[in-house]
1. Kindly evaluate residue 110 against the criterion of being crowded, with 21+ Cβ neighbours inside 10 Å and under 19 Å from residue 142 (Cβ atoms).
2. Taking region 108-147, which residues are more than 15 Å from the chain's Cα centre (by Cα), under 21 Å from residue 54 (Cβ atoms) and not in a helix (DSSP H, G or I)?
3. Look through region 84-107, keep the residues that are assigned to a loop (DSSP other than H, G, I, E, B) and either in contact with a helix residue (DSSP H, G or I) (Cβ under 9 Å, 6 or more places away or on another chain) or modelled with pLDDT of 90 or more (or both), and return whichever of them is farthest from residue 41 (Cα to Cα).
4. Scan region 155-175 and report the pairs whose first residue is assigned by TED's automatic domain parsing to the domain that holds residue 84 and whose second residue is in a helix (DSSP H, G or I) and modelled with pLDDT of 75 or more, with Cβ atoms within less than 6 Å and a gap of 6+ or a chain change.
């Protein structure tokens, strides 16, 4: 009887230890789960994304919305880490939507997921506060990897999108001659301010 009692006590200690370990593991797993909200007016796409997120370890869909207005009504409650959103939306377009979402929740990580490939729209989306840009139809693996990358501090985009952004920057870059003129103007303004503070005057070059 004594041996049986000691065995039961020992088993209770072992079971309790394992139970606590697994409970701790479940808590840690729950804490590192990335909450994702979806904004897409295409119901078929939205439902597919919900199923993909909920079947992926470490990801959880916390809301699916057909418009930015609907998302704004609930996003303060669902509190997603990442928003996966189309920018081809009714009423409020995606670029304005990005800006409104960021105004409502500054720490929100917005990953654009769309079929629009225009370089100016890509640039405007980033300027509004998006941190990544995916093109439909990316594979589930690419979408999952992009969500994780955004959460970890990256800015994923396709090679095509990146090339377009490079081209846009090259088109808008000022020439060497204009850069030199601008530098001279800045230097002149700086000298004028210095001369004015010293009570002097410097003629224009």
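1. Details: crowded, with 21+ Cβ neighbours inside 10 Å: yes; under 19 Å from residue 142 (Cβ atoms): yes.
Yes; evaluated as a whole, the condition is true for this residue.
2. Step one: of region 108-147, the residues more than 15 Å from the chain's Cα centre (by Cα) are 115-121, 136-141.
When the remaining residues are screened for being under 21 Å from residue 54 (Cβ atoms), the result is 136-141.
Passing the criteria: 136, 137, 138, 139.
3. If we filter region 84-107 for residues that are assigned to a loop (DSSP other than H, G, I, E, B), which is where we start, we get 86-93, 105-107.
Subset that is either in contact with a helix residue (DSSP H, G or I) (Cβ under 9 Å, 6 or more places away or on another chain) or modelled with pLDDT of 90 or more (or both): 86-89, 91-93, 105.
Details: 86: 8, 87: 10, 88: 9, 89: 7, 91: 11, 92: 12, 93: 11, 105: 21 Å.
Restricting to residues being assigned to a loop (DSSP other than H, G, I, E, B) and either in contact with a helix residue (DSSP H, G or I) (Cβ under 9 Å, 6 or more places away or on another chain) or modelled with pLDDT of 90 or more (or both), the top hit is 105.
4. 156/146; 156/149; 161/122; 164/119; 168/119; 168/123
The values are calculated or read from the model by the stated rules, or taken from the named source; none is laboratory data. All figures in this text were calculated on a predicted structure; none of them were measured in a lab. Using ideal geometry, Cβ is built from the backbone for each residue, glycine included, and neighbour counts are taken over all protein chains shown.
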